[in-house]
Amino acid sequence: MKIHEYQGKELLHSFGVVIPRGRIADTPEEAEQIARELGGKVVVKAQIHAGGRGKGGGVKLAANPGEALQVANQILGMTLVTHQTGPEGRLVRRVLVEETLPIKRELYLGIVVDRAAGKPVFMASAAGGMEIEEVAAKDPDAILKEAFDPDRGLQPYQARRLAFGLGIEGPALNAAVSMMISLARAFVALDASLAEINPLVLTEDQRVVALDAKLNLDDNALYRHQNLKGLRDTNEEDPLEVEASAHSLNYIKLDGTVACMVNGAGLAMATMDIIKYAGGSPANFLDVGGGANAQQVQHAFQILLRDPNVKAVLINIFGGILRCDTLASGVVQAARAVNLNVPLVIRMEGTNVEQGRQILSESGLKITVASSMKDAAEKVVAAARS
């Protein structure tokens, strides 16, 4: 689950991370009032779930409260387009108004899970303000790394080693070490999948402040954090993904033409791969899960068909907990309910597969049954093209 910058900063601040003074504003008038309270000169930042806001015109400086009013009026309500939003952009509904700081240096701090090591890895770089992927591509050695045990947290000696590697010295050293340890503690305690401070700034007066912050929280751990569920902003998500989550379905929209319905993430990945291998392009990732019932299958089918880019549908199911006859019943109900008008190819194996095939054949619907994954992929790609 992605959250906004201001939400991430508030969470990190509760763990001891130092952040600029500021507040969220829904109107230009609120932005003006906040600027007045902060002493006049402020930065106004659009709040959307995407990076590159500054380049898109979503981050602006204001020298006084009057300018803050004007700038907020420009940003609020704009459709902000960045390299992460896609050409459709995102509507800006809120801005964060913060004090400006006397910046001396900009650094990068971040934490992700290293799947190979089975641990979180703390990353730091002197190239603050840049996309970490760009830094990694140009100069991988510029990224310092420290893997740490989540139960023990980032150790002081590890944080000092990172700080020394970044060239931090003097009074800022202890503050930087403290912030790194706090960031690592927040990452583990919040069950985050990503935590970034970019940039972390060293100020002229030797302060260490998180000028920006990004937190992604693991959806699968939200049952442990009931207080965090309210941070979700469905305005920032694809409407079909929001609807799918309401029915306990895992759906991610892609840009192809072949819709995929599967049960199990591994099978979903294999299905998308074989569609590409057959010369097509998947329109989505949709996993109905192992325990789906006929009603969930029907909801999944309806969601798939509401994507206007879909030219054909492939259902690829291994019947274990989800029996093939249950799947077939759900598909038939859904196809009749939505008046199916695109080709449908089904490949299924497993529990009650013969009963499932019989339900499909007796439905009177135009459904192509494939004998294998390869056969299914070739048939659905050909159908999408025609």
For region 306-330, pairs from a residue that is under 23 Å from Glu362 (Cβ atoms) and crowded, with 19+ Cβ neighbours inside 10 Å to a residue that is among the aromatic types (Phe, Trp, Tyr) and modelled with pLDDT of 85 or more, with Cβ under 8 Å and 6 or more apart or across chains, are none
Checked against (1) touching a residue at least 60 places away in the same chain (Cβ under 8 Å); (2) part of a helix (DSSP H, G or I), Ala337 satisfies every condition except (1)
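May I ask you to list the residues in region 53-75 that are of a type in the set (Gly, Ala, Ser) and in contact (Cβ under 8 Å) with a residue 12 or more places away in the chain? If you could, list the steps in order and put the result at the bottom.
Narrowing region 53-75 to residues of a type in the set (Gly, Ala, Ser): 54, 56-58, 62-63, 66, 68, 72.
Across region 53-75, the qualifying residues are Gly56, Gly57, Gly58, Ala62, Ala63, Gly66, Ala68, Ala72.
What are the residues in region 1-22 that are among the basic types (Lys, Arg) and part of a loop (DSSP other than H, G, I, E, B), if any? Even if it seems obvious, please write down each step before you answer.
Filtering region 1-22 down to residues among the basic types (Lys, Arg) leaves 2, 9, 21.
Arg21 - this is the single residue of region 1-22 that is among the basic types (Lys, Arg) and part of a loop (DSSP other than H, G, I, E, B).
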So which residues in region 348-371 are surrounded by fewer than 23 Cβ atoms within 10 Å (Cβ to Cβ), in contact with a strand residue (DSSP E or B) (Cβ under 7 Å, 6 or more places away or on another chain) and outside any helix (DSSP H, G or I), if there are any at all?
Glu349, Gly350, Thr351, Asn352, Ile367, Thr368, Val369, Ala370
Of everything in region 264-288, what is open to solvent by 20 Å² or more (accessible area, probe 1.4 Å), at pLDDT below 90 and within 22 Å of Leu360 (Cβ to Cβ)? Give them in sequence order.
Gly264, Leu267
Conditions (1) free of Cβ contacts under 8 Å to residues at least 24 places away in the same chain; (2) open to solvent by less than 10 Å² (accessible area, probe 1.4 Å): number failed by Ala136:
(2)
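Would you check which residues across region 289-298 are part of a helix (DSSP H, G or I) and surrounded by fewer than 20 Cβ atoms within 10 Å (Cβ to Cβ) and list them?
Pass one, region 289-298, residues part of a helix (DSSP H, G or I): 294-298.
Hits for region 289-298 are Ala294, Gln295, Gln296.
Does region 160-179 hold any residues that are touching a helix residue (DSSP H, G or I) at 6+ places or on another chain (Cβ under 7 Å) and under 17 Å from Lys104 (Cβ atoms), and which are they? Please lay out each step first, then the result.
Taking region 160-179 first, the residues touching a helix residue (DSSP H, G or I) at 6+ places or on another chain (Cβ under 7 Å) are 160, 162-163, 168, 173, 176-177.
Once the filter is applied, which keeps residues that are touching a helix residue (DSSP H, G or I) at 6+ places or on another chain (Cβ under 7 Å) and under 17 Å from Lys104 (Cβ atoms), region 160-179 yields Ala163, Ile168, Leu173, Ala176.
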Scanning region 38-69 for residues that are crowded, with 17+ Cβ neighbours inside 10 Å and in a helix (DSSP H, G or I) gives Pro65, Glu67, Ala68, Leu69
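Output the residue which, of all residues in region 109-122 that are buried (at least 20 other Cβ atoms within 10 Å of the Cβ) and out of contact with any Leu (no Cβ under 7 Å at 6 or more places or on another chain), is farthest from Gly22 (Cα to Cα). Lay out the reasoning, then the answer.
Going through region 109-122, the residues buried (at least 20 other Cβ atoms within 10 Å of the Cβ) turn out to be 109-111, 120, 122.
Going one step further and asking which of them are out of contact with any Leu (no Cβ under 7 Å at 6 or more places or on another chain), we end up with 110, 120.
Numbers: Gly110: 23, Pro120: 30 Å.
Looking at residues that are buried (at least 20 other Cβ atoms within 10 Å of the Cβ) and out of contact with any Leu (no Cβ under 7 Å at 6 or more places or on another chain), I get Pro120.
Kindly check whether there is at least one residue in region 116-124 that is in contact (Cβ under 8 Å) with a residue 60 or more places away in the chain and of a type outside the set (D, E, K, R). Walk me through it before giving the result.
Narrowing region 116-124 to residues in contact (Cβ under 8 Å) with a residue 60 or more places away in the chain: 120, 122.
With of a type outside the set (D, E, K, R) added as a condition, the list becomes 120, 122.
Checked against the condition, which is being in contact (Cβ under 8 Å) with a residue 60 or more places away in the chain and of a type outside the set (D, E, K, R), region 116-124 yields at least one hit.
Just checking, how many residues over region 222-236 are open to solvent by 50 Å² or more (accessible area, probe 1.4 Å) and without any contact (Cβ under 8 Å) to a residue 40 or more places away in the chain? It would help to see each step written out before you state the result.
From region 222-236, those open to solvent by 50 Å² or more (accessible area, probe 1.4 Å) are 223-224, 226-227, 229-230, 232, 234-235; that's our starting set.
Next cut, without any contact (Cβ under 8 Å) to a residue 40 or more places away in the chain only: 223-224, 226-227, 229-230, 234.
Total meeting the criteria: 7.
Residue-by-condition table, conditions (1) over 21 Å from the mean Cα position of the chain (by Cα); (2) charged (D, E, K, R); (3) assigned to a loop (DSSP other than H, G, I, E, B):
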residue: Arg105; (1), (2), (3): yes, yes, no
residue: Tyr108; (1), (2), (3): no, no, no
residue: Val113; (1), (2), (3): no, no, no
residue: Glu134; (1), (2), (3): no, yes, no
residue: Leu144; (1), (2), (3): yes, no, no
residue: Asp151; (1), (2), (3): yes, yes, yes
residue: Leu154; (1), (2), (3): yes, no, yes
residue: Ala159; (1), (2), (3): yes, no, no
Right, Ala244: more than 21 Å from Asp375 (Cβ to Cβ), surrounded by fewer than 16 Cβ atoms within 10 Å (Cβ to Cβ) and not basic (Lys, Arg) or not?
no
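The values are calculated or read from the model by the stated rules, or taken from the named source; none is laboratory data. This structure is a prediction, so every number in the text was calculated from the model and none was measured. Heads up, the Cβs are rebuilt from the backbone with ideal geometry, glycines too, and the neighbour counts pull from every protein chain shown. Surface areas here come from the heavy atoms of the whole protein model, side chains and all, with no ligands, DNA or RNA. Shrake-Rupley method; radii C 1.70, N 1.55, O 1.52, S 1.80 Å.
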